[in-house]
Every structure is written in structure tokens, then in C-alpha cells.
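Engineer: Provided herewith is a single structure, encoded as C-alpha cells, for subsequent inquiry.
The values are calculated or read from the model by the stated rules, or taken from the named source; none is laboratory data. Just so we're clear, the structure is a prediction, and the values are computed from it rather than from any experiment. Positions of Cβ are generated from backbone atoms using ideal geometry, with glycine treated the same way; all protein chains shown enter the neighbour counts. We work out accessible area using only protein heavy atoms, side chains counted, and drop any ligands, DNA or RNA first. Shrake-Rupley method; radii C 1.70, N 1.55, O 1.52, S 1.80 Å.
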Amino acid sequence: DNRLSSSPFGASMRGATVEFAFDVGAGASALPGFVVPQGSVVLAVTGLVVTAIAGTLSDWSLGVDTSDTRYGSGLGIGTGSWVRGLTGQPQAYYGNTQLKLTANGGDFSGGTVRLAVHLLRFDLPRA
């Protein structure tokens, strides 16, 4: 159980870190398939390039559809490059939201990135 706090009637705040590896495909952008659940607050997204990112790009950005660079820009493509995208203010997501990788200066053609989304969830109280 990852409860950070709870009330007598079951309302609680839970912390979670969701980690996954993503094989980057060909194209100008890539959607890793992970969806930030609605009703979550994301504190940060961290990551590591596990296998060098290939393609014609110079670097890449990490964000969401409404902000390509929310969690980082100018990110390295070599194995061992990393991202620590802190949210300047708590970022609430009111609908399911997918992360997005964007190639800068060209296109992706391969590579593997391990990402971790650090978030808070909020449970309602019982009747």
C-alpha cells in the first residue's frame, strides 16, 4: 500500500511511480502507450536511454500532446542519456493523458527509453 495519508472514512492520497521501457519507432514523434490516469497529479517524469536513439534527429523532447516539452527538451540520444523532468507546479490531469516523445531536427528510427512517471492519486471517502 502506497498511502501517504488517509482519513477515518477512507479518503487517501497515494503516491505511485509507474516505470516502463519503450521501443521508439520511426517518425517525427512517438507515443509510448502509457496513459497518465485521469485525476492524477504528476510531480516528475524521469528516464534513461537504454539503447541509443537512432535516426536523423539531433535531440528529443518529452511532454504531452498539449506541451511537447513539458518534461524536457534538448535531451541526449546516446545510451545512458537521461531526463529528470520536474513539474514546476503540481500538474493535474483531468483526463487520461498520453506521454509524447518528439524528435527535434529530424525523425526517430529506433532506440529504447525507460521512463518513470512519479504521480499522486486521490481516493474518495466512503459513505
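Engineer: Semi-axes of the equivalent ellipsoid of the chain: what are they in whole Å, largest first, if each equals the square root of 5 times a C-alpha gyration tensor eigenvalue?
Structural biologist: Details: eigenvalues 200, 34, 26 Å².
The answer is 32, 13, 11 Å, longest axis first.
Engineer: For segment 11-60 and segment 76-101, what is the centre-to-centre distance using only Cα atoms, to the nearest Å?
Structural biologist: Their Cα centres are 6 Å away from one another.
Engineer: If you don't mind, another one. Can you tell me the accessible area per residue over the chain, all protein chains present, probe 1.4 angstrom, in square angstrom?
Structural biologist: Result: 53 Å² of accessible area for each residue.
Engineer: Given points 7 Å out from each Cα along the Cα-Cβ axis, report the ALA116 to PHE9 separation in nanometres with one decimal.
Structural biologist: Each label point is offset 7 Å from its Cα along the Cβ direction, giving 3.6 nm.
Engineer: Could you grab the relative contact order for the chain? Cα pairs under 8 Å, six or more apart, rounded to a whole percent.
Structural biologist: With pairs under 8 Å counted, the relative contact order is 44 percent.
Engineer: Would you kindly find the accessible area of SER73, with a 1.4 Å probe and non-protein molecules such as ligands, DNA and RNA excluded, rounding to the nearest 10 Å²?
Structural biologist: For SER73, the solvent-accessible surface is approximately 70 Å².
Engineer: In whole percent, and with a 1.4 Å probe on the protein chains, what portion of the accessible area of segment 41-127 is carbon and sulfur?
Structural biologist: Percent of accessible area from carbon and sulfur atoms in segment 41-127: 52.
Engineer: Please list 121-127, 83-89, 101-107, 19-25 highest first by mean number of surrounding beta-carbon atoms within 10 Å per residue.
Structural biologist: Output ranking for 121-127, 83-89, 101-107, 19-25: 101-107, 19-25, 83-89, 121-127.
Engineer: Rounded to the nearest 0.05, what FRET efficiency do THR79 and VAL35 give with R0 = 41 Å and r taken as the Cβ-Cβ distance? Could you check?
Structural biologist: The calculated FRET efficiency here is 0.90.
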